[in-house]
Amino acid sequence: MRRAWLLLAALWLLSELSVITVQAAPCQTCWKLAERFIKGLERTANKNFGGGNTAWEEDKLAKYAHSETRLLEIVETACDKSDFECNQLLEQIEDQVETWWFHRQQEAPDLLEWLCIEQLRLCCPPGRFGPDCKECPSGPGGVCGGLGRCEGEGTRLGDGECVCDPGYSGPLCHDCADGYYRDKSGNGSTGTCAACFHSCKKCSGPQDYKCLDCKAGWMLHDNKCVDVDECSERAIACPGLNEACINEVGSFHCDCADGFIRRDSICVENKAPAGPEKGLFDDMTDDEVLVLQQMFFGVVICALATLAAKGDMVFTAIFIGGVAAMAGYWLTEKGDYVLDGFLKSR
(Lines give C-alpha, C1' and ligand atoms only; values in the text may rest on other atoms or scores of the structure.)
Protein backbone atom coordinates (compact mmCIF):
# COMPACT_ATOMS: atom_id res chain seq x y z
CA MET A 1 0.00 0.00 0.00
CA ARG A 2 2.86 2.29 0.90
CA ARG A 3 4.53 1.70 -2.49
CA ALA A 4 1.30 2.62 -4.26
CA TRP A 5 1.14 5.92 -2.41
CA LEU A 6 4.79 6.65 -3.25
CA LEU A 7 4.11 5.91 -6.91
CA LEU A 8 1.10 8.23 -6.96
CA ALA A 9 3.11 10.95 -5.24
CA ALA A 10 5.91 10.58 -7.82
CA LEU A 11 3.43 10.77 -10.70
CA TRP A 12 1.83 13.86 -9.21
CA LEU A 13 5.24 15.51 -8.77
CA LEU A 14 6.19 14.75 -12.37
CA SER A 15 2.94 16.25 -13.61
CA GLU A 16 3.48 19.40 -11.53
CA LEU A 17 7.05 19.74 -12.82
CA SER A 18 5.74 19.37 -16.36
CA VAL A 19 3.23 22.17 -15.79
CA ILE A 20 5.91 24.40 -14.30
CA THR A 21 8.22 23.74 -17.26
CA VAL A 22 5.49 24.58 -19.76
CA GLN A 23 4.64 27.82 -17.95
CA ALA A 24 8.31 28.79 -17.95
CA ALA A 25 8.63 28.22 -21.69
CA PRO A 26 8.84 31.53 -23.60
CA CYS A 27 6.02 32.70 -25.79
CA GLN A 28 8.38 32.76 -28.77
CA THR A 29 8.92 28.99 -28.54
CA CYS A 30 5.19 28.28 -28.56
CA TRP A 31 4.59 30.79 -31.34
CA LYS A 32 7.27 29.22 -33.51
CA LEU A 33 5.92 25.74 -32.86
CA ALA A 34 2.38 26.77 -33.82
CA GLU A 35 3.59 28.51 -36.97
CA ARG A 36 5.54 25.41 -38.05
CA PHE A 37 2.45 23.30 -37.39
CA ILE A 38 0.35 25.60 -39.61
CA LYS A 39 2.94 25.35 -42.38
CA GLY A 40 2.68 21.57 -42.06
CA LEU A 41 -1.09 21.88 -42.54
CA GLU A 42 -0.53 23.86 -45.73
CA ARG A 43 2.07 21.42 -47.00
CA THR A 44 -0.20 18.39 -46.57
CA ALA A 45 -3.46 20.08 -47.68
CA ASN A 46 -3.76 18.25 -51.01
CA LYS A 47 -2.49 14.84 -49.94
CA ASN A 48 -4.45 11.64 -49.31
CA PHE A 49 -3.71 8.11 -48.17
CA GLY A 50 -2.29 7.29 -51.61
CA GLY A 51 -4.07 3.94 -51.98
CA GLY A 52 -5.52 2.55 -55.17
CA ASN A 53 -9.14 3.03 -54.17
CA THR A 54 -9.43 6.50 -52.70
CA ALA A 55 -13.24 6.39 -52.52
CA TRP A 56 -13.10 3.23 -50.42
CA GLU A 57 -10.42 4.72 -48.13
CA GLU A 58 -12.46 7.87 -47.54
CA ASP A 59 -15.53 5.79 -46.82
CA LYS A 60 -14.03 3.11 -44.58
CA LEU A 61 -11.14 5.09 -43.04
CA ALA A 62 -11.08 8.56 -41.56
CA LYS A 63 -10.50 11.21 -44.15
CA TYR A 64 -6.84 12.08 -44.54
CA ALA A 65 -7.59 15.73 -43.75
CA HIS A 66 -8.45 14.81 -40.16
CA SER A 67 -6.52 11.56 -39.82
CA GLU A 68 -3.89 10.58 -37.30
CA THR A 69 -1.57 9.83 -40.22
CA ARG A 70 -1.58 13.45 -41.31
CA LEU A 71 -1.18 14.64 -37.73
CA LEU A 72 1.97 12.53 -37.31
CA GLU A 73 3.42 13.84 -40.57
CA ILE A 74 2.90 17.41 -39.41
CA VAL A 75 4.25 16.81 -35.89
CA GLU A 76 7.42 15.18 -37.22
CA THR A 77 8.43 18.43 -38.94
CA ALA A 78 7.07 20.90 -36.37
CA CYS A 79 10.47 21.30 -34.71
CA ASP A 80 14.02 21.15 -35.98
CA LYS A 81 15.96 18.26 -34.47
CA SER A 82 18.49 20.69 -33.00
CA ASP A 83 15.82 22.91 -31.41
CA PHE A 84 15.76 21.57 -27.84
CA GLU A 85 13.19 24.07 -26.48
CA CYS A 86 10.70 23.36 -29.28
CA ASN A 87 11.01 19.58 -28.99
CA GLN A 88 10.70 19.71 -25.21
CA LEU A 89 7.56 21.83 -25.40
CA LEU A 90 6.04 19.62 -28.10
CA GLU A 91 6.57 16.54 -25.94
CA GLN A 92 4.88 18.19 -22.98
CA ILE A 93 1.78 19.41 -24.86
CA GLU A 94 1.09 16.29 -26.90
CA ASP A 95 -2.37 15.91 -25.35
CA GLN A 96 -3.37 19.51 -26.15
CA VAL A 97 -2.24 19.13 -29.77
CA GLU A 98 -4.27 15.93 -30.20
CA THR A 99 -7.30 17.53 -28.55
CA TRP A 100 -7.19 20.45 -30.96
CA TRP A 101 -6.62 18.17 -33.95
CA PHE A 102 -9.49 15.75 -33.32
CA HIS A 103 -12.01 17.89 -31.43
CA ARG A 104 -11.42 21.66 -31.55
CA GLN A 105 -10.30 22.52 -35.08
CA GLN A 106 -13.70 23.61 -36.27
CA GLU A 107 -14.59 25.88 -33.36
CA ALA A 108 -11.03 27.19 -32.81
CA PRO A 109 -9.34 27.32 -36.21
CA ASP A 110 -6.59 29.71 -34.98
CA LEU A 111 -4.06 27.32 -33.40
CA LEU A 112 -1.80 30.18 -32.26
CA GLU A 113 -4.55 31.75 -30.21
CA TRP A 114 -6.05 28.49 -28.91
CA LEU A 115 -2.77 26.84 -27.91
CA CYS A 116 -0.36 29.62 -26.91
CA ILE A 117 -2.81 32.16 -25.48
CA GLU A 118 -5.82 30.25 -24.15
CA GLN A 119 -4.50 26.80 -23.22
CA LEU A 120 -0.84 27.27 -22.24
CA ARG A 121 -1.17 30.95 -21.29
CA LEU A 122 2.31 31.71 -22.56
CA CYS A 123 1.36 34.56 -24.90
CA CYS A 124 -0.99 37.51 -25.10
CA PRO A 125 -2.82 38.93 -28.11
CA PRO A 126 -1.09 41.81 -29.94
CA GLY A 127 -1.30 45.07 -27.99
CA ARG A 128 -1.46 43.31 -24.60
CA PHE A 129 1.11 42.22 -22.02
CA GLY A 130 1.68 40.58 -18.65
CA PRO A 131 0.11 37.70 -16.69
CA ASP A 132 -3.41 39.11 -17.21
CA CYS A 133 -2.83 40.35 -20.79
CA LYS A 134 -3.50 43.97 -19.93
CA GLU A 135 -3.80 46.49 -22.73
CA CYS A 136 -0.63 48.35 -23.74
CA PRO A 137 -0.61 52.18 -23.62
CA SER A 138 -2.09 53.37 -26.88
CA GLY A 139 -2.86 56.66 -28.54
CA PRO A 140 -2.97 58.27 -31.97
CA GLY A 141 -0.81 56.11 -34.17
CA GLY A 142 -1.40 52.91 -32.20
CA VAL A 143 0.53 51.24 -29.38
CA CYS A 144 2.95 53.76 -27.84
CA GLY A 145 1.82 56.25 -30.46
CA GLY A 146 3.42 54.15 -33.16
CA LEU A 147 6.78 55.59 -32.04
CA GLY A 148 7.95 52.83 -29.72
CA ARG A 149 7.14 49.39 -28.39
CA CYS A 150 5.22 48.17 -25.39
CA GLU A 151 7.51 46.29 -22.98
CA GLY A 152 6.34 42.64 -22.94
CA GLU A 153 3.75 43.04 -25.69
CA GLY A 154 2.40 39.70 -26.86
CA THR A 155 3.84 37.82 -23.87
CA ARG A 156 2.92 37.17 -20.24
CA LEU A 157 5.95 39.21 -19.18
CA GLY A 158 6.97 42.88 -19.05
CA ASP A 159 5.57 45.98 -17.38
CA GLY A 160 3.83 47.48 -20.40
CA GLU A 161 5.80 50.73 -20.38
CA CYS A 162 6.62 52.31 -23.71
CA VAL A 163 10.20 51.96 -24.91
CA CYS A 164 10.40 54.87 -27.32
CA ASP A 165 12.27 55.06 -30.58
CA PRO A 166 15.46 57.21 -30.60
CA GLY A 167 14.57 60.89 -30.31
CA TYR A 168 11.21 60.37 -28.60
CA SER A 169 10.08 60.24 -24.98
CA GLY A 170 7.02 60.40 -22.76
CA PRO A 171 4.35 57.86 -21.70
CA LEU A 172 3.14 57.55 -25.31
CA CYS A 173 6.39 58.63 -27.03
CA HIS A 174 4.78 61.88 -28.22
CA ASP A 175 7.48 64.15 -26.77
CA CYS A 176 10.92 64.88 -28.12
CA ALA A 177 13.76 63.51 -26.02
CA ASP A 178 16.67 65.63 -24.78
CA GLY A 179 18.87 66.64 -27.69
CA TYR A 180 15.96 66.67 -30.18
CA TYR A 181 13.46 69.27 -31.40
CA ARG A 182 10.11 69.19 -33.21
CA ASP A 183 10.76 69.58 -36.92
CA LYS A 184 7.56 70.70 -38.63
CA SER A 185 9.10 71.26 -42.05
CA GLY A 186 8.03 67.80 -43.24
CA ASN A 187 4.63 66.59 -44.41
CA GLY A 188 3.49 65.40 -40.99
CA SER A 189 0.96 67.53 -39.13
CA THR A 190 2.77 67.27 -35.79
CA GLY A 191 6.29 67.00 -37.17
CA THR A 192 9.05 64.58 -36.29
CA CYS A 193 11.79 64.81 -33.69
CA ALA A 194 15.14 65.75 -35.23
CA ALA A 195 18.57 66.02 -33.61
CA CYS A 196 19.81 69.30 -32.11
CA PHE A 197 23.39 70.56 -32.37
CA HIS A 198 25.56 68.15 -30.38
CA SER A 199 26.05 70.46 -27.37
CA CYS A 200 22.35 71.39 -27.02
CA LYS A 201 20.07 69.65 -24.55
CA LYS A 202 17.03 71.52 -25.89
CA CYS A 203 16.81 73.59 -29.03
CA SER A 204 14.54 75.18 -31.60
CA GLY A 205 16.52 74.06 -34.63
CA PRO A 206 19.58 72.11 -35.74
CA GLN A 207 22.01 75.07 -35.80
CA ASP A 208 24.51 75.74 -33.00
CA TYR A 209 22.90 79.16 -32.32
CA LYS A 210 19.42 77.73 -31.64
CA CYS A 211 20.14 76.14 -28.28
CA LEU A 212 17.64 76.64 -25.45
CA ASP A 213 19.48 74.57 -22.85
CA CYS A 214 22.86 72.88 -22.76
CA LYS A 215 24.17 69.43 -21.93
CA ALA A 216 26.43 68.87 -18.95
CA GLY A 217 29.84 70.49 -19.48
CA TRP A 218 28.40 73.32 -21.59
CA MET A 219 27.02 76.78 -20.73
CA LEU A 220 24.38 78.76 -22.63
CA HIS A 221 25.60 82.09 -24.02
CA ASP A 222 23.73 84.01 -26.73
CA ASN A 223 21.77 80.86 -27.65
CA LYS A 224 25.02 78.95 -28.11
CA CYS A 225 26.45 76.30 -25.85
CA VAL A 226 30.08 77.08 -25.00
CA ASP A 227 32.47 74.72 -23.29
CA VAL A 228 32.71 75.09 -19.52
CA ASP A 229 36.24 75.03 -18.13
CA GLU A 230 35.57 72.88 -15.09
CA CYS A 231 39.23 73.42 -14.03
CA SER A 232 38.27 77.19 -12.79
CA GLU A 233 36.80 75.27 -9.99
CA ARG A 234 39.87 73.06 -9.52
CA ALA A 235 39.14 72.17 -5.90
CA ILE A 236 35.66 70.99 -6.87
CA ALA A 237 36.61 69.28 -10.11
CA CYS A 238 39.59 67.32 -8.80
CA PRO A 239 39.51 67.31 -5.00
CA GLY A 240 42.04 64.51 -4.65
CA LEU A 241 45.46 65.30 -3.16
CA ASN A 242 48.16 65.99 -5.77
CA GLU A 243 45.61 65.81 -8.65
CA ALA A 244 45.61 68.06 -11.72
CA CYS A 245 42.47 68.98 -13.68
CA ILE A 246 42.66 68.51 -17.47
CA ASN A 247 39.94 70.39 -19.37
CA GLU A 248 38.27 68.75 -22.41
CA VAL A 249 35.55 69.79 -24.86
CA GLY A 250 32.34 69.49 -22.88
CA SER A 251 34.05 67.66 -20.06
CA PHE A 252 37.28 67.22 -18.07
CA HIS A 253 39.34 64.53 -16.41
CA CYS A 254 41.63 64.34 -13.42
CA ASP A 255 45.23 63.25 -13.64
CA CYS A 256 48.14 63.21 -11.22
CA ALA A 257 50.27 66.33 -11.04
CA ASP A 258 53.82 66.33 -12.38
CA GLY A 259 56.07 64.12 -10.30
CA PHE A 260 53.20 61.95 -9.05
CA ILE A 261 51.68 58.67 -10.21
CA ARG A 262 48.34 57.03 -9.38
CA ARG A 263 48.42 54.04 -7.05
CA ASP A 264 45.30 52.57 -5.44
CA SER A 265 43.21 55.54 -6.71
CA ILE A 266 45.45 58.17 -5.08
CA CYS A 267 48.40 60.18 -6.42
CA VAL A 268 51.71 59.46 -4.72
CA GLU A 269 55.18 60.84 -5.32
CA ASN A 270 56.98 59.15 -8.19
CA LYS A 271 60.37 58.50 -6.62
CA ALA A 272 63.12 57.68 -9.12
CA PRO A 273 64.76 54.31 -8.51
CA ALA A 274 68.15 54.42 -6.77
CA GLY A 275 71.14 54.33 -9.15
CA PRO A 276 74.07 51.88 -8.96
CA GLU A 277 76.41 52.19 -6.00
CA LYS A 278 79.55 54.27 -6.52
CA GLY A 279 82.92 52.58 -6.94
CA LEU A 280 85.66 52.89 -4.37
CA PHE A 281 87.60 55.44 -6.45
CA ASP A 282 84.70 57.23 -8.24
CA ASP A 283 85.05 60.45 -6.25
CA MET A 284 88.86 60.76 -6.68
CA THR A 285 90.40 63.44 -8.88
CA ASP A 286 92.78 62.60 -11.72
CA ASP A 287 95.78 63.87 -9.74
CA GLU A 288 94.85 61.68 -6.80
CA VAL A 289 94.57 58.66 -9.10
CA LEU A 290 98.02 59.39 -10.56
CA VAL A 291 99.57 59.49 -7.10
CA LEU A 292 97.83 56.24 -6.20
CA GLN A 293 99.14 54.57 -9.36
CA GLN A 294 102.72 55.61 -8.51
CA MET A 295 102.33 54.30 -4.98
CA PHE A 296 101.04 51.00 -6.34
CA PHE A 297 104.04 50.51 -8.63
CA GLY A 298 106.36 51.45 -5.81
CA VAL A 299 104.90 48.80 -3.52
CA VAL A 300 105.16 46.13 -6.22
CA ILE A 301 108.78 47.00 -7.09
CA CYS A 302 109.79 47.07 -3.43
CA ALA A 303 108.29 43.64 -2.87
CA LEU A 304 110.15 42.18 -5.84
CA ALA A 305 113.38 43.90 -4.78
CA THR A 306 113.11 42.41 -1.31
CA LEU A 307 112.72 38.90 -2.73
CA ALA A 308 115.62 39.45 -5.16
CA ALA A 309 117.88 40.66 -2.35
CA LYS A 310 117.65 37.25 -0.69
CA GLY A 311 119.78 35.89 -3.49
CA ASP A 312 117.06 33.85 -5.10
CA MET A 313 117.93 33.82 -8.82
CA VAL A 314 114.31 33.19 -9.78
CA PHE A 315 113.00 36.25 -7.96
CA THR A 316 115.96 38.29 -9.23
CA ALA A 317 114.98 37.44 -12.80
CA ILE A 318 111.34 38.20 -12.07
CA PHE A 319 112.30 41.52 -10.50
CA ILE A 320 114.43 42.64 -13.47
CA GLY A 321 111.78 41.48 -16.00
CA GLY A 322 108.92 43.04 -14.02
CA VAL A 323 110.68 46.38 -13.75
CA ALA A 324 111.41 46.42 -17.48
CA ALA A 325 107.87 45.34 -18.42
CA MET A 326 106.13 47.78 -16.12
CA ALA A 327 108.35 50.60 -17.20
CA GLY A 328 107.49 49.97 -20.84
CA TYR A 329 103.81 49.49 -20.12
CA TRP A 330 103.77 52.59 -17.97
CA LEU A 331 104.91 54.70 -20.90
CA THR A 332 102.01 53.56 -23.18
CA GLU A 333 98.46 54.96 -23.23
CA LYS A 334 97.04 51.44 -23.00
CA GLY A 335 98.87 50.72 -19.81
CA ASP A 336 97.77 53.99 -18.34
CA TYR A 337 94.14 53.24 -19.33
CA VAL A 338 94.19 49.74 -17.81
CA LEU A 339 95.73 50.86 -14.56
CA ASP A 340 93.44 53.85 -14.36
CA GLY A 341 90.39 51.66 -14.91
CA PHE A 342 91.55 49.09 -12.40
CA LEU A 343 92.16 51.65 -9.70
CA LYS A 344 88.87 53.42 -10.36
CA SER A 345 86.85 50.16 -10.48
CA ARG A 346 85.59 51.04 -13.97
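Listed here are the residues, each with its yes/no results for (1) more than 20 Å from Gly142 (Cα to Cα); (2) more than 33 Å from the chain's Cα centre (by Cα); (3) modelled with pLDDT of 95 or more.
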residue: Cys162; (1), (2), (3): no, no, yes
residue: Asp165; (1), (2), (3): no, no, yes
residue: Tyr168; (1), (2), (3): no, no, yes
residue: Ala177; (1), (2), (3): no, no, yes
residue: Ser185; (1), (2), (3): yes, yes, no
residue: Thr190; (1), (2), (3): no, yes, no
residue: Cys196; (1), (2), (3): yes, no, yes
residue: Ser199; (1), (2), (3): yes, no, no
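Among the residues of region 113-130, write down those that are open to solvent by 30 Å² or more (accessible area, probe 1.4 Å) and more than 19 Å from Arg149 (Cβ to Cβ).
Residues satisfying the conditions are Glu113, Glu118, Gln119, Arg121.
Can you list the strands (runs of 3 or more DSSP E) found entirely within region 203-259 that contain at least 3 residues being open to solvent by less than 70 Å² (accessible area, probe 1.4 Å)?
211-214, 224-227, 243-248, 251-256
Out of the residues in region 20-39 that are open to solvent by 60 Å² or more (accessible area, probe 1.4 Å) and aliphatic (A, V, I, L, M), state the one that is modelled with the lowest pLDDT.
Ile20
Please identify the pairs in which a residue from region 159-181 that is closer than 29 Å to Gln207 by Cβ and without any contact (Cβ under 8 Å) to a residue 12 or more places away in the chain has its Cβ atom under 9 Å from the Cβ atom of a residue that is part of a loop (DSSP other than H, G, I, E, B) and open to solvent by 70 Å² or more (accessible area, probe 1.4 Å), counting only partners at least 6 apart or on another chain.
Filtered contacts from region 159-181: Ser169/Asp178.
Within region 153-190, how many residues are among the small types (Gly, Ala, Ser) and touching a Lys or Arg at 6+ places or on another chain (Cβ under 9 Å)?
Result for region 153-190: 3.
I'm trying to understand the selection: among the residues of region 134-158, which are open to solvent by less than 50 Å² (accessible area, probe 1.4 Å), closer than 21 Å to Cys30 by Cα and not small (Gly, Ala, Ser)?
Cys150, Thr155, Arg156
Kindly provide the set of residues from region 40-83 that are acidic (Asp, Glu), surrounded by 11 or more Cβ atoms within 10 Å (Cβ to Cβ) and at pLDDT below 75, ordered by number.
Glu57, Glu58
The values are calculated or read from the model by the stated rules, or taken from the named source; none is laboratory data. Computed from a predicted model, the values in this text were never measured in an experiment. With ideal geometry, Cβ positions are generated from the backbone for all residues, glycine too; neighbour counts draw on all protein chains shown. Accessible surface is based on the protein model in full, side chains and every heavy atom, while ligands, DNA and RNA are left aside. Shrake-Rupley method; radii C 1.70, N 1.55, O 1.52, S 1.80 Å.
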